[in-house]
Amino acid sequence: EEYLLNVFATLRVGTDVIPQGHEVAREQFKLGASNYFAKKTATTGTVKLTDEKDRITMTAGGVNVSINKKSGLMDGYQFAGKWYFNQNPTPNFWRAPTDNDFGNGMEHKCNIWRVAGSNTSIKNIATKEENGKTMVTADLYLRDVASDYQIVYTLSGNGDLSINVSYKAGVNELPELPRFGMIMSLNKEFENFTYYGRGPWENYADRNYASQIGIYSSKVSDQYVPYTRPQENGYKTDFRRLTLTSNDGKGIRIEGLQPICASALQNWPEDFDPGLSKKYRHTNDITPNRDEVILS
């Protein structure tokens, strides 16, 4: 749990220029020590592990997770027989450049990260069981940047899946990371977006205090920010949790082990990315909303 105090300053008396009740300032204060991300106790239940030729499968609490042994990535996630992902979580180090990025040449300087998450090879994959949890550890090699990347999948007895990733740079000097995370897509039906984090408008780590931490709900289609020139948009910071659900209430819930950032859009980053040169495009020049939900 955690407690937050929101304070707003508004005009008691209006003027010819500013109406009564207009908000002129706001601030959010954290009260006391937060234990929101305190480590949870192990859950009860049994995890079934199946090690086959091409994949490792873990099953618990109605959840079935399969890890491809050739890639180290998830190639299946089902709950009660229902598939949730169109594309399973994949390492991602790229975002569409902004106007300011083009101003400092980021599209060229950081280009090596553009597809680094998809150009990987598997070094090792191993399983481990302890305290009612089953872990699959996949050690990958990022060929573009000659670096190591590890994914640890942990399934608890109640069906909770934890994904922990870590990165170790190689000896080559590399440009800054535009992003560090994972990207995936879900069926379009999971269009109801509720989150506990900074909102309701987009916000980024360098300028997010105007967006207060709270619980917000919206549609994925409302997350797009139509800049004059299409670019990175719609991201939000300091998430504690988020859910993407269908109208019948089914869907996924993601919780951070620490504050995380995320966006849920109907476009992939490459839809907003003109490539290695700045192009004078407009909203109507990008691919229309795709028939899926893209979660970063």
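Data table
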| item | result |
| --- | --- |
| Per residue solvent-accessible surface (Å²) - region 74-172, probe of 1.4 Å | 47 |
| Sulfur and carbon atoms: percent of accessible area, the chain [1.4 Å] | 50 |
| For region 31-97, alpha-carbon Rg relative to the globular expectation (2.2 N^0.38 Å, N residues) | 1.52 |
| Calculated SAXS-style log₁₀ I(q)/I(0) at q = 0.14, 0.16, 0.20, 0.21 Å⁻¹ - region 60-110, Debye, Cα scatterers | -0.57, -0.63, -0.73, -0.76 |
| Where GluC sites (Glu not before Pro) fall in DSSP loop in region 171-202, at most 13 other Cβ within 10 Å | 173, 176 |
| Amide H contacts of residue 43 (H built 1.01 Å from N, under 5 Å, at least 5 apart or other chain) | 157 |
| Hydrodynamic radius by Kirkwood, which averages 1/r over all alpha carbon pairs of the chain, in angstrom | 21.3 |
| Cα pair distances in region 219-296, grouped into 10 Å bins until the bin that holds the longest one, percent each | 17, 45, 28, 10, 1 |
| Cα-based shape type of region 159-254, given that a ≥ b ≥ c are square roots of the gyration tensor eigenvalues and the cut on a/c is 1.5 | oblate |
| Pairwise Cα inverse-distance average, inverted: Kirkwood Rh of region 4-140 (Å) | 20.6 |
| Mean separation of Cα contacts under 8 Å, 6 or more apart, over the residue count of region 171-237: relative contact order % | 34 |
| Hydrodynamic radius (Kirkwood) for region 108-209, which is based on Cα pairs only, to one decimal in Å | 16.8 |
| Cα coordinate range in region 195-243, projected on the principal axes (Å, largest first) | 31, 25, 13 |
| Whole-number D in µm² s⁻¹ for region 77-139, Kirkwood Cα-pair radius fed into Stokes-Einstein, 4 °C, 1.567 mPa s | 84 |
| Estimated inter-spin distance, residue 276 and residue 87, nm [label 7 Å along Cα→Cβ] | 2.2 |
| Compactness index (Cα Rg / 2.2 N^0.38 Å), region 216-258 | 1.41 |
| Principal axis box of region 5-63, alpha-carbon based, largest edge first, Å | 75, 29, 18 |
| Subset of 188/219; 48/128; 82/188; 40/82; 168/236; 123/168 violating a 19 Å alpha-carbon distance limit | 40/82; 168/236 |
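The values are calculated or read from the model by the stated rules, or taken from the named source; none is laboratory data. Note that the structure is predicted; figures quoted are calculated from it, not measured. Heads up, the Cβs are rebuilt from the backbone with ideal geometry, glycines too, and the neighbour counts pull from every protein chain shown. Protein only, heavy atoms only, side chains kept; ligands, DNA and RNA dropped before computing areas. Shrake-Rupley method; radii C 1.70, N 1.55, O 1.52, S 1.80 Å.
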